[in-house]
Every structure is written in C-alpha cells, then in structure tokens.
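The structure appears right after this line, and notes come after that.
The values are calculated or read from the model by the stated rules, or taken from the named source; none is laboratory data. Nothing here was measured: the structure is a model prediction, and the numbers come from that model. FYI the Cβ positions are ideal-geometry reconstructions off the backbone, even for glycines, and counts take in every protein chain you see.
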Amino acid sequence: MNVFKKSIHIILFITLLASSVLYAQNTYEIRVGVNGHHYSPRAINCSVGDTIKFVWVSGNNPTRSDDGQSIPTFNLNNSNNTRSFVMTSAGTIPFYSTTHGEQNGSGMAGIINVTGLSASLANKSLVNTLSVYPNPANDKINVNFVVKKESNVLIRLLDVLGNDVAVLVSDKYSVGEYRQSFAVPARVTKGLYFVKVSVGTEVAIKRISIQ
C-alpha cells in the first residue's frame, strides 16, 4: 500500500511539473557583446520577482556576478543565445565578462539594482490570492497562489476530518504568482475535500467538492 501511495505522489508531482505556469513578472533584457565587448544596458533597475534575460549579440564573453553566486558563470553563443535569472532578493548585483571586464566594474561590466517586491505583488497575500477551481471538480483541480519570497511550498488534499488524502506538491518556489493544475487521483471518491496550501509560514485552505 505504501508503494502504491508513493507511486501516486510521484505521478502527481510529474503532472504538476508539466502543467505549472508562473505568471510573468517584468522581464528585462541585457544584450551581451554589443559593439564588440559591451553590455547594453550597463545598469538595470528591477524588483524582486522580475526576470533578467541576457541575450547574446556577438563575441565570447563568459559572464558572472562579482560574488559568483547571484549569477553563476555562463557563456552564450549563436546556438545558446539566452540565459535568464529570476531576482529573488533585494540588493545590488555587479556582473562582468571574465574575458573583457573586471570585478571592480571596469571594462565590460554592469550592475543590476534589485528593489523590493513589485507593487502588484507586494499588495497580495496567499490568503487573498488562493483560488481552487473548478468547483465542483471532476478529474482536474487548478490551484492559483502567490509566493512573495523564495519559500518551501506544500499543497495537500485533505478529507473533511483533516486527514491527508494526497500530497500534491512539496518543493521550493521562487517569487511569483503560480497556477498549478493536477489530476484528481483515481482512488479519491466523490465528496467534500480541502486543498491546503502552505507557503513558508503562510497557510490558506479552500474547500472543494469532487464529483
């Protein structure tokens, strides 16, 4: 029975990965290799949850952040011409080309200034954004929720007594708004259930009927 439960959880998790959608925040492009050995623009101002997309133009310019962690070293070329990073925390991220720049900002270098959450996301919470639909559901349930800082997310299906029926997802999520879609397990019978979503220390619950 435990093997059966584990298999169901694995199937659900794979289904979630295939059907997950992250609602786009702002995306900013930095072109790499403009006029030879330059980034354009050299400076970007963005918010937590935004995406920075590096786009190859020309040359051989391995790029990394000064700390080597915020933006791990990557290299773009004609066949691998973009690389994106979601900004998960506020701060400044200096970056440079390891072949034509320096960590001190000279040569081919730039900086990303990341402020707090975008206004649209800052005004939202898990409780007021959580939605579960369709309701009643038949073979599929969609769950919309928000993540305001990188957090562990746990989504569970509970019966009316609060017992776990299925763990739908358990993973770390970056900042953003998400829509998750998953199949109702065949072993789940008709009746009333609860979808419980935990994002870090935030918890929200929605009731759903399965037919």
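Among the listed residues LEU121, LEU154, which satisfies the condition of being within 17 Å of the chain's Cα centre (by Cα), surrounded by 14 or more Cβ atoms within 10 Å (Cβ to Cβ), in a helix (DSSP H, G or I) and among the aliphatic types (A, V, I, L, M)?
Answer to the selection: LEU121.
Please enumerate the residues belonging to region 72-94 that are touching a residue at least 40 places away in the same chain (Cβ under 8 Å) and under 22 Å from the mean Cα position of the chain (by Cα).
Matches in region 72-94: SER84, VAL86, MET87, THR88, SER89, ALA90.
On the basis of being more than 12 Å from SER97 (Cβ to Cβ) and over 18 Å from the mean Cα position of the chain (by Cα), does GLY59 make the cut?
No, not satisfied.
When you scan region 162-172, do you find a residue that is among the hydrophobic types (A, V, I, L, M, F, W, C), not in a strand (DSSP E or B) and not assigned by TED's automatic domain parsing to the domain that holds ASN75, even just one?
The answer is no, given that none of the residues of region 162-172 is among the hydrophobic types (A, V, I, L, M, F, W, C), not in a strand (DSSP E or B) and not assigned by TED's automatic domain parsing to the domain that holds ASN75.
Take the conditions within 22 Å of the chain's Cα centre (by Cα), farther than 27 Å from VAL48 by Cβ and assigned to a strand (DSSP E or B) and apply them to PHE182. Does it pass?
It is true that PHE182 is within 22 Å of the chain's Cα centre (by Cα), farther than 27 Å from VAL48 by Cβ and assigned to a strand (DSSP E or B).
Can you tell me which residues in region 157-182 are hydrophobic (A, V, I, L, M, F, W, C) and loosely packed, with under 15 Cβ neighbours inside 10 Å?
Those that are hydrophobic (A, V, I, L, M, F, W, C) and loosely packed, with under 15 Cβ neighbours inside 10 Å: VAL160, LEU161.
Could you say whether any residue in region 195-202 is at pLDDT 95 or above, surrounded by fewer than 19 Cβ atoms within 10 Å (Cβ to Cβ) and assigned by TED's automatic domain parsing to the domain that holds ASN135?
Yes, because at least one residue in region 195-202 is at pLDDT 95 or above, surrounded by fewer than 19 Cβ atoms within 10 Å (Cβ to Cβ) and assigned by TED's automatic domain parsing to the domain that holds ASN135.
In region 67-118, what residues are within 24 Å of SER47 (Cα to Cα), at pLDDT below 95 and not in a strand (DSSP E or B)?
The answer is ASP67, GLY68, GLN69, SER70, MET87, THR88, SER89, ALA90, GLN103, ASN104, GLY105, SER118.
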